[in-house]
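Here the structure is laid out as structure tokens; the discussion comes afterwards.
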Amino acid sequence: MANIDEKLQKIARDLLESKEVSLIIGYTGGSHPQRMRPVFITKPEDVGRLSFNRHSVQDLAVFLKKQEVKKFGRIGIVVKGCDEKALNVLMQEYQVSRENIKIIGVECNGVIRQDLADKGETDLSENTVYDKCLMCGEHTPILHDYLIECADPQISMSGDIKPFAKIEELDSMSSEEKDVFWEKEFDKCIKCYACRQACPLCYCSRCIVEKNVPQWIDTNFGKIGNAQWNLIRAYHLAGRCIGCGECERACPVNIPLMLINGKMARSIHDLFGYKSGLDVDAKPVFGVFSESDFNDFIK
């Protein structure tokens, strides 16, 4: 990865020295040898801190929604293929201006799950990466100002990976079985809202859960309030979620949030042929109307 780091640091130094950007958002080494963390660089002499490897799991696009970051004006950001999709949605929804972003794309052939990385795992395989990596078709960012190639080989897979296997398993359950499954999962929710904070597309200045006149969501722990929060957040991401999985990774009680988001994403694709984040010029699926849209629900 040394060659990648050198290229990344040179690009960052050039951007800062030429004052094309005031801030670079990237990755640096964390508190554990197999962990990376976000880093914010404003001085050319600090670019040596920048690095990228198969432990760079975070979606850095999440920081672009923060006012503390927006105040820097033009920003350089390191993105993987999956991160670029979040950027595309933010630009579609006029949250980020393309003119204010310098995109440093890095090819990525998968990132290692942090629980395994903490145990010393460093090899890429279908057993060590996140599910999103097994389903990923965007290893190389399409939209970029700079592109750094990755020397890592493609993930070695057995060929029998079914991206929606867990969703299909849930689909096969009866309504009663689904209720039992989700009640058990949502019962674990502690309303910490880590899922919201980690999501690059949750950017409302005031979240619906914080509105109490009228109160839309029961803030107490319990069957109704927990289900309301998790399901409403999923509905707010319908047609928008880019599958980065940061919500599920951030959840301290391991609720399988991507089962909900994945189900919504698959339904949107099946009904409207739309996948979020792939094309910055595409109109948001719920922002347009076509006579060929699915209308069977209208009686």
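Scan the range 114-139 for residues that are touching a residue at least 40 places away in the same chain (Cβ under 8 Å) and either closer than 27 Å to Leu259 by Cα or of a type in the set (Lys, Arg) (or both) and report the count. Adding up the residues that qualify gives 13. Which of the residues that make up the range 30-81 are aromatic (Phe, Trp, Tyr) and either farther than 17 Å from Cys244 by Cβ or in the same structural domain as Asp279 (by TED's automatic domain parsing) (or both)? Of everything in the range 30-81, those that are aromatic (Phe, Trp, Tyr) and either farther than 17 Å from Cys244 by Cβ or in the same structural domain as Asp279 (by TED's automatic domain parsing) (or both) turn out to be Phe40, Phe72. Of all the numbered requirements in (1) farther than 30 Å from His144 by Cα; (2) surrounded by fewer than 12 Cβ atoms within 10 Å (Cβ to Cβ), Leu231 misses one, and that requirement is (2).
Looking at the range 3-23, is at least one residue under 19 Å from the mean Cα position of the chain (by Cα) and either of a type in the set (Val, Ile, Thr) or not assigned by TED's automatic domain parsing to the domain that holds Asp115 (or both)?
Looking through the range 3-23, none of the residues is under 19 Å from the mean Cα position of the chain (by Cα) and either of a type in the set (Val, Ile, Thr) or not assigned by TED's automatic domain parsing to the domain that holds Asp115 (or both).
Taken together, Arg74, Arg37 contain a single residue that is within 28 Å of Asp115 (Cα to Cα), among the basic types (Lys, Arg) and surrounded by fewer than 16 Cβ atoms within 10 Å (Cβ to Cβ), which is Arg37.
In the set (1) among the acidic types (Asp, Glu); (2) at pLDDT 85 or above; (3) more than 22 Å from Ala12 (Cβ to Cβ), Glu126 fails one condition alone, (2). At least 1 residues being among the basic types (Lys, Arg) and surrounded by 18 or more Cβ atoms within 10 Å (Cβ to Cβ) is the threshold, and among the helices (runs of 4 or more DSSP H) wholly inside the range 78-155 those reaching it are 81-92, 131-135. Scanning the range 49-57 turns up at least one residue that is surrounded by fewer than 18 Cβ atoms within 10 Å (Cβ to Cβ) and modelled with pLDDT of 95 or more. When restricted to residues that are under 28 Å from Tyr94 (Cα atoms) and of a type in the set (Ser, Thr, Tyr), the range 202-224 contains 2. Can you pull out every residue in the range 156-189 that is modelled with pLDDT of 75 or more, in a loop (DSSP other than H, G, I, E, B) and exposed (fewer than 12 other Cβ atoms within 10 Å of the Cβ)? Result: Ser172, Ser174.
The residue that is farthest from Ser267 (Cα to Cα), counting only those in the range 172-184 that are without any contact (Cβ under 8 Å) to a residue 12 or more places away in the chain and of a type outside the set (A, V, I, L, M, F, W, C), is Lys184. Taking every residue in the range 246-268 that is outside the structural domain of Val129 (by TED's automatic domain parsing) and over 13 Å from Lys132 (Cβ atoms) and pairing it with any residue that is crowded, with 18+ Cβ neighbours inside 10 Å and among the hydroxyl-bearing types (Ser, Thr, Tyr), at least 6 positions away or on another chain, the pairs with Cβ-Cβ distances below 7 Å are Ile268/Tyr274.
Do the conditions hold for Lys66, that is, is it modelled with pLDDT of 95 or more, exposed (fewer than 15 other Cβ atoms within 10 Å of the Cβ) and not aromatic (Phe, Trp, Tyr)? So Lys66 fails the test. Total residues in the range 31-63 satisfying the condition of being without any contact (Cβ under 8 Å) to a residue 24 or more places away in the chain and of a type in the set (Gly, Ala, Ser): the figure is 1.
For residues that are surrounded by 11 or more Cβ atoms within 10 Å (Cβ to Cβ) and free of Cβ contacts under 8 Å to residues at least 24 places away in the same chain, scanning just the range 216-228, find the one that is farthest from Lys191 (Cα to Cα). By that ranking, first place goes to Trp216.
The values are calculated or read from the model by the stated rules, or taken from the named source; none is laboratory data. Predicted, not measured: the structure shown is a model, and the values here were computed from it. Glycine also receives a Cβ, built like all others from the backbone with ideal geometry; neighbour counts cover every protein chain displayed.
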